[in-house]
Amino acid sequence: MREYNDLVKLAERAALRAADYLRSAPRPAVHTWTEKSQHDFVTEVDRAAEAVITEVILREAPESVIVGEELSPKRPAQGELVWIVDPLDGTTNFLHGYPQYAVSIGCLVDGKLAAGVIHDVCRNRTYKAIRGGGAFEEDTRLSVSAVTEPRRALIGTGFPFKALNLLHIYQSQFAAVVGAASGIRRAGAAALDLADVAAGRLDAFWELQLAPWDIAAGTLLIREAGGIVTRPDGAADVLSGAGNGSIVAGNAAMHRWLIDLLRKS
């Protein structure tokens, strides 16, 4: 089996290649945007970025299974070496020139997260995590925040724009968090939100209805930075379909507080 450190280096090479492409690609004209589902856009830029990632990974690890948001979203995540790829997390931000989007690549070995890389395209910053080896922003080791009081906490979130049937539930949760925390932030790229939790810039995060490629790398980042990521029911398996992609993340104290608050709401 490949060393986890080799896997994170490969993920980093693939992410940087895709990021270089994204920085050089002109923003697609509005009439070329395709709406996969309500409020969920994709363009040839997303697909080309994923093709770049796929080419880099398969050249060096041809035995890999790649599950990507745009080119292979329905491929079963089964195999000894599986890569969960979001070539452009924050597509709507990218299309509007809002500088908050990323490349996210998570790697599973025998079904368990082993390596993860998130590259912040606009800030040219790389986050990486190795199972059992810690989480890093560039060469700086990351640690989740030490905040334990909700009234001092800054909480990240994302709107359930792909599942408007859940909006009434989310609005109740949002109101409860607003009333208890010092603030809420929503920037529109879940991978970067999770990186901010790992770096201690956000104390906790929750969102309903995320896909595995949104959260695979970020989940490992937070866990290796000393934090907790679960489904709202407390289960640790956030990548399976059992939890419908809903997650709660944070340092131990804020995760416990937030998960209890969401349940009551």
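The values are calculated or read from the model by the stated rules, or taken from the named source; none is laboratory data. Bear in mind that the values here come from a model prediction, so they are computed numbers and not experimental data. Cβ coordinates were reconstructed from backbone atoms using ideal geometry, including for glycine residues, and neighbour counts include every protein chain displayed.
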Q) Does residue 110 satisfy the condition of being of a type in the set (D, E, K, R) and either in contact with a Leu (Cβ under 8 Å, 6 or more places away or on another chain) or surrounded by 14 or more Cβ atoms within 10 Å (Cβ to Cβ) (or both)? A) no
Q.
With the structure loaded, tell me whether residue 136 is of a type in the set (Phe, Trp, Tyr) and either within 23 Å of residue 258 (Cβ to Cβ) or outside the structural domain of residue 27 (by TED's automatic domain parsing) (or both) or whether it fails that test.
A. no
Q: Output the residues belonging to segment 71-115 that are more than 19 Å from residue 21 (Cβ to Cβ) and in a strand (DSSP E or B).
A: 81, 82, 84, 106, 107, 108, 109, 112, 113, 114, 115
Q. How many of the residues making up segment 210-239 are over 23 Å from residue 183 (Cβ atoms) and in contact (Cβ under 8 Å) with a residue 40 or more places away in the chain?
A. 10
Q. Hey, any hits in segment 121-138 for a residue that's assigned to a helix (DSSP H, G or I) and under 16 Å from the mean Cα position of the chain (by Cα)?
A. no
Q: Assess whether residue 49 counts as being of a type in the set (A, V, I, L, M, F, W, C) and part of a loop (DSSP other than H, G, I, E, B).
A: no
Q: Output the residue which, of all residues in segment 1-29 that are more than 19 Å from residue 51 (Cβ to Cβ) and without any contact (Cβ under 8 Å) to a residue 60 or more places away in the chain, is surrounded by the fewest Cβ atoms within 10 Å (Cβ to Cβ).
A: 29
**Q.** Matching residues, segment 41-55, being surrounded by fewer than 19 Cβ atoms within 10 Å (Cβ to Cβ) and out of contact with any Ser or Thr (no Cβ under 8 Å at 6 or more places or on another chain)
**A.** 47, 48, 51, 55
Q | Pairs with Cβ under 9 Å, 6+ apart, first in segment 44-60 and more than 17 Å from residue 107 (Cα to Cα) and touching a residue at least 40 places away in the same chain (Cβ under 8 Å), second among the small types (Gly, Ala, Ser) and not in a helix (DSSP H, G or I) | A | 45/25; 49/25
